[in-house]
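The values are calculated or read from the model by the stated rules, or taken from the named source; none is laboratory data. Predicted model only: the values in this text are computed from it and were never measured. Here the Cβ positions follow ideal geometry from the backbone for every residue, glycine too, while neighbour counts run over all protein chains shown.
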Amino acid sequence: MIGPKSEITIIGTRMIFVILAQLLLPLGAIAWFAISPPRNLLGVSLQALITAITAISLFVIVRMGVWVFPPWWTPYGYGLLFILTLAIRLKWYHPKRRMLSSWLGWVVIMGFVSFEVFAENEAVQSWAGQFFPAIPAVALAFPLRGDGYLILNGGNDLRINAHLKTLDESIPRFRAYRGQSYGVDIIQPDPFGFRAPGLVPRDPTVYQIYGEPVLAPCTEKIVIAIDDFPDMTIPEIDQVNRNSNYVMLRCGDAEIALAHFRPRSLSVQTGMEVKAGDRIAEVGNSGASDEPHLHIHAQRPGLSATPFSGDPLPIRLNGRYLIRGDHVTMS
């Protein structure tokens, strides 16, 4: 069994790996193209094609990657850097042969081609996740006000919405949380694209979104309101009380959950009637949250012992089906 400290290490290592991959892989491909030119026309053409596909894919993969550090605009910088490199290469480099002259060169080229085929498949699948699932949706008001919110999880594919893993019936522990499968996670970068100072600061209060007022997304009744759990130090998560400080509203036939509130920030209680836009809490980092964000999802009513276990429903926020990488401004 993995203990809490081991899990923190795993989460931290995963974060570092993702950050390094997002930084080093694109820059490595562009550097390979810039400083290691093949000496034949075929090699140059394939190298340019592979690197171009890498750069172009980043405009799609921006939906698949969690671009919080480096910030969301980084893939566009990679694209501009590649265009500049390509222009310089076309102007100054002239290959001496038409074909590859060694088997090693063919192996390297085929290896890169195989990698690009895989990357393109992933990019296409993540792009397809922007399309609405073929089930009824719940229309809600966006639960925050202000500038520059960024969707961290959202969409109809696991590559861009980690919540969809709870639809996997083969894993028993997911059944208690399947209601969140079409959930949306929201963070708030600053004007430069950073959601906090530094790489992954441990103090939740330094994150841009921390303490932002959370608003009721519909006019209805509060059916659950919990405010008893502390914020977690990043990247720790509460494995026992995963739902954390949260509110469940009954909106028509659906239940709407908003979660990970700051401790003692609730301004509502069970049984209270609220109107859309009423303040209900503040964004925090309680429960199974690896950094401060607001979680919202819709579901059919779940079991009383497992309130997040209802059938999941997709949501439209202010009329939009939001997916990873979308930007929202409410001011």
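When we screen Ala176, Ala141, Ala134, Ala162 for residues that are within 11 Å of Pro314 (Cβ to Cβ) and among the aliphatic types (A, V, I, L, M), the only hit is Ala134.
Residues to consider are Phe192, Phe118, Phe142; find the one that is more than 25 Å from Gln239 (Cα to Cα), without any contact (Cβ under 8 Å) to a residue 12 or more places away in the chain and hydrophobic (A, V, I, L, M, F, W, C). Reasoning before the result, please.
Details: Phe192 fails: without any contact (Cβ under 8 Å) to a residue 12 or more places away in the chain; Phe142 fails: without any contact (Cβ under 8 Å) to a residue 12 or more places away in the chain.
Just a single option satisfies the conditions, and that option is Phe118.
Listed here are the residues, each with its yes/no results for (1) touching a strand residue (DSSP E or B) at 6+ places or on another chain (Cβ under 7 Å); (2) surrounded by fewer than 18 Cβ atoms within 10 Å (Cβ to Cβ); (3) part of a loop (DSSP other than H, G, I, E, B).
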| residue | (1), (2), (3) |
| --- | --- |
| Ser170 | no, yes, yes |
| Tyr177 | no, no, no |
| Pro189 | yes, no, yes |
| Glu255 | yes, no, no |
| Leu266 | yes, no, yes |
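From the list Ile323, Ile296, pick out the single residue that is outside the structural domain of Val66 (by TED's automatic domain parsing), part of a strand (DSSP E or B) and touching a Gly at 6+ places or on another chain (Cβ under 7 Å). Answer to the check: Ile296. Scanning segment 264-319 for residues that are among the charged types (D, E, K, R) and within 17 Å of the chain's Cα centre (by Cα) gives Asp290, Glu291.
Please specify each residue of segment 235-253 satisfying the condition of being part of a loop (DSSP other than H, G, I, E, B) and either under 14 Å from Ala298 (Cβ atoms) or modelled with pLDDT of 90 or more (or both). Scanning segment 235-253 gives Asn245, Gly252, Asp253. The combined condition, being of a type in the set (Val, Ile, Thr), at pLDDT 95 or above and surrounded by 24 or more Cβ atoms within 10 Å (Cβ to Cβ), is fulfilled by Val283. A single member of Gly193, Gly155 is modelled with pLDDT of 90 or more and either of a type outside the set (S, T, N, Q) or closer than 19 Å to Pro70 by Cα (or both), and it is Gly155.
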